[in-house]
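Only one structure is covered here, and it is reproduced in the block below.
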Amino acid sequence: MSQKIDKHNGLDELKDLLIKEEKEKIQRIERRLDDPMVRAKEISQSLPEAISLSLINGSHIPRVLQPVIDESIKISVKNNPETIATAISPALGPGIRKAITSTLMGMIQSLNHVVNHSFSIQGIKWRFEAFKSHKQFAEIVLLHTLVYRVEQIFLIHINTGIVLEHVVAGDIISQDPDLVSGMLSAIQDFVKDSFQTNAGDEIETLRMGSDRSIWIEHGEHAMIAAVIRGNPPLDLRIKYRELLEEIHMKSGMTLENFDGDTLPFSIFRKRLEEGLEFKEKKMQKRISPLLACIFIIIFLISVMWGVNVFKTRKSWHQYLLRLKNQKGLIVLSAQKENGKYHIYGLRDPMVKDAQLLPGKKSEKNINVTFNWKPYCSLDPEFILKRANRFLKPPSTIKINLSGNIISAMGEAHQAWIEKFRKTAMTIPGIHGFNDKMIKNIDMNKLDAAVKKLAAVKLYFQSNSTKFIKGQEKILSGAVDIIKKIRKLQSKVKTNIEILIMGHTDSSGSERVNRRLSLERARKIFNLFIFQGIPPDFLTPIGIGNKIVLAKENSTKDRQYNRAITFKIFYKNLKTGQIK
């Protein structure tokens with residue numbers, strides 16, 4: 001049997017020698033496959049490269065991830081729309097502001113036309129014309145006052161017909177630029193195919209109706225098409241030709257190698273916007289009585305507004321002066337932005353909000369925003385306020401400040417006294433403290449309890465450890481006093497040692513009396529322990545008749561010497577001193 005076992009063990013050892021390394025590799029692979037955290041870590045390391053290769057080789061990743069991303073965005077917008085709004089606001093904000101600005105500028109321009117010609121005889125005629133033709137009054141005004149106006153400008157790549165840049169006057173509603181470009185290209189191709197034209201002949205002008213035309217300037221790779229209402233001067237065509245030459249000079253190579261990316265041509269947007277010119281007819285201005293009345297009303301309103309502004313500024317300077325004189329405040333700067341006053345400075349937390357608000361009647365209209373930084377004022381008034389706030393003294397304590405020394409006077413418990421000693425030096429502006437005038441309530445209670453215990457005496461029968469009648473009540477009172485001492489000593493960080501001193505009368509030998517007095521002391525010691533008093537600060541001693549409590553002139557006097565008395569010692573925990 002033992003031979004079989006040895007043979008079997010030898011076979012196992014041979015297997016370990018032959019396949020131990022492969023076996024360990026298989027076990028590591030199994031642990032790797034079974035541990036999801038390990039697989040997740042490996043995938044996270046190879047995922048970026050896999051996505052990069054997938055984007056190079058095809059569009060599988062975007063096609064697979066698109067539904068997931070779409071659904072995630074829908075859920076995110078539904079659950080937390082503010083986050084999406086915050087994320088896209090930097091991109092949408094400028095576009096929205098630009099669109100609003102353009103619309104407002106168009107409205108203001110139309111309004112200027114209407115206002116300039118409303119309060120006149122000519123304006124009344126134009127209103128009647130607008131009523132008859134079912135057109136807007138502003139459109140009739142523009143028709144009669146406008147010499148010419150460039151409404152749109154297109155910068156178009158000649159070979160591809162792609163719109164490189166497009167600018168529009170503020171109040172003009174434009175069509176799709178690419179659609180317009182396609183139309184122009186189609187018209188030019190139609191003309192070339194339908195009519196015999198020489199090389200280099202191009203369409204330069206297209207008329208639409210009686211008051212609108214399209215001026216086209218051709219370059220080597222790009223052309224400018226301007227939509228114009230009215231009768232523009234020929235100088236304008238020269239200006240567009242020079243602009244087109246400038247574009248070819250600066251971006252000729254980009255135009256020649258154009259690949260469909262229009263972004264490089266955005267640099268010419270401002271120059272194209274400069275070409276959106278307009279010119280009005282000079283009309284003889286006559287001020288109507290109604291317009292004069294309006295001017296007078298506006299003048300009176302301006303005067304009233306000026307007086308109000310003067311009063312507000314005066315109130316503001318008075319209010320600012322009051323803040324600068326306010327203790328606990330340091331006004332660093334004050335300025336007005338968008339009709340609102342802003343004050344920057346330092347403020348002590350002890351200054352209440354009510355002290356900052358405009359108080360006087362003349363200050364009520366002041367709209368002010370505060371930008372305070374916290375600081376600690378070293379004014380004695382604020383140091384004292386801060387001390388009372390941090391220390392929270394009881395009603396029996398009064399805190400005073402002398403220079404940079406803080407002192408406390410009155411009665412307080414040990415816990416607050418310790419807080420005063422630890423916290424006083426942490427208050428800004430305090431360099432020292434005085435606690436000599438503080439009466440410790442807990443220490444006074446402890447002293448009173450110690451005196452009360454020192455006055456307690458327990459009397460025994462002659463030559464015995466038995467109490468005389470009536471001592472049990474005195475013993476119970478002593479127990480209560482010692483328990484109270486026990487609690488108070490922990491509060492005032494003082495150890496108390498209580499000697500339980502046993503006494504005898506003068507009868508009997510000294511040896512017998514010392515033994516009897518010790519037995520009496522031990523009896524009281526055991527009774528105290530039985531009542532739950534810890535023995536660590538109780539010490540029973542027998543002194544026989546060495547200390548006489550009363551002169552033994554009679555048998556009754558002897559009774560006073562057969563007693564237990566208590567002597568109490570204080571021991572400071574920090575110094576170890578006993579008193």
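See the values below:
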item: Residue identified as of a type in the set (Phe, Trp, Tyr) and within 30 Å of ASN444 (Cα to Cα) among TRP416, TRP372, TRP305, TRP316; result: TRP416
item: Selection count where residues are part of a helix (DSSP H, G or I) and touching a residue at least 40 places away in the same chain (Cβ under 8 Å), scope the range 442-465; result: 7
item: The range 27-74 - residue that is surrounded by 10 or more Cβ atoms within 10 Å (Cβ to Cβ) and among the β-branched types (Val, Ile, Thr) and, of those, modelled with the highest pLDDT; result: ILE29
item: Positions within the range 163-192 being among the hydrophobic types (A, V, I, L, M, F, W, C) and not in a loop (DSSP other than H, G, I, E, B), in sequence order; result: VAL163, LEU164, VAL167, VAL168, LEU179, VAL180, MET183, LEU184, ALA186, ILE187, PHE190, VAL191
item: Test: residue in the range 458-481 that is over 30 Å from LEU401 (Cβ atoms) and in contact with a Pro (Cβ under 7 Å, 6 or more places away or on another chain); result: no
item: Top-ranked residue in the range 389-409 [being of a type in the set (S, T, N, Q) and in contact with a strand residue (DSSP E or B) (Cβ under 6 Å, 6 or more places away or on another chain); ranked as surrounded by the most Cβ atoms within 10 Å (Cβ to Cβ)]; result: SER407
item: Answer residue from the range 478-494, given it is hydrophobic (A, V, I, L, M, F, W, C) and in a helix (DSSP H, G or I) and is surrounded by the most Cβ atoms within 10 Å (Cβ to Cβ) among those; result: ALA478
item: Yes/no for ALA449 being buried (at least 18 other Cβ atoms within 10 Å of the Cβ), more than 22 Å from PRO380 (Cα to Cα) and aliphatic (A, V, I, L, M); result: yes
item: Criterion: over 30 Å from TYR560 (Cα atoms) and surrounded by 14 or more Cβ atoms within 10 Å (Cβ to Cβ) - qualifying residue of GLN471, GLN414; result: GLN414
item: Which numbered condition LEU243 misses (of (1) closer than 23 Å to ILE203 by Cα; (2) among the hydrophobic types (A, V, I, L, M, F, W, C); (3) outside any helix (DSSP H, G or I)); result: (3)
item: In the range 384-406, residue modelled with the lowest pLDDT [restricted to those that are more than 18 Å from HIS431 (Cβ to Cβ) and of a type outside the set (S, T, N, Q)]; result: ARG389
item: Residue identified as buried (at least 20 other Cβ atoms within 10 Å of the Cβ) and within 15 Å of ALA563 (Cβ to Cβ) among THR504, THR465; result: THR504
item: Qualifying residue in the range 543-550 (condition: touching a residue at least 60 places away in the same chain (Cβ under 8 Å), closer than 22 Å to VAL450 by Cα, assigned by TED's automatic domain parsing to the domain that holds LEU453 and not β-branched (Val, Ile, Thr)); result: yes
item: Condition met for ILE228 (touching a Ser or Thr at 6+ places or on another chain (Cβ under 6 Å) and either among the β-branched types (Val, Ile, Thr) or buried (at least 16 other Cβ atoms within 10 Å of the Cβ) (or both)); result: yes
item: The range 287-341 - residue that is among the small types (Gly, Ala, Ser) and under 30 Å from SER377 (Cα atoms) and, of those, farthest from the chain's Cα centre (by Cα); result: SER315
item: The range 551-569 - residue that is surrounded by fewer than 16 Cβ atoms within 10 Å (Cβ to Cβ) and touching a residue at least 60 places away in the same chain (Cβ under 8 Å) and, of those, nearest to the chain's Cα centre (by Cα); result: PHE569
item: Members of the range 500-538 that are more than 17 Å from ILE485 (Cα to Cα) and without any contact (Cβ under 8 Å) to a residue 24 or more places away in the chain; result: SER509, ARG511, VAL512, ARG522, ASN526, PHE530
item: Scan of the range 536-554 for residues that are at pLDDT 90 or above and of a type outside the set (A, V, I, L, M), ordered by number; result: THR539, PRO540, GLY542
item: Residue check for GLY306: among the small types (Gly, Ala, Ser), out of contact with any His (no Cβ under 9 Å at 6 or more places or on another chain), part of a strand (DSSP E or B) and not assigned by TED's automatic domain parsing to the domain that holds ALA424; result: no
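The values are calculated or read from the model by the stated rules, or taken from the named source; none is laboratory data. Note that the coordinates shown come from a computational prediction; the quantities given were computed from them, not determined experimentally. When we count neighbours, we look across all protein chains shown, and the Cβ atoms used for this are built from the backbone with ideal geometry, even at glycine.
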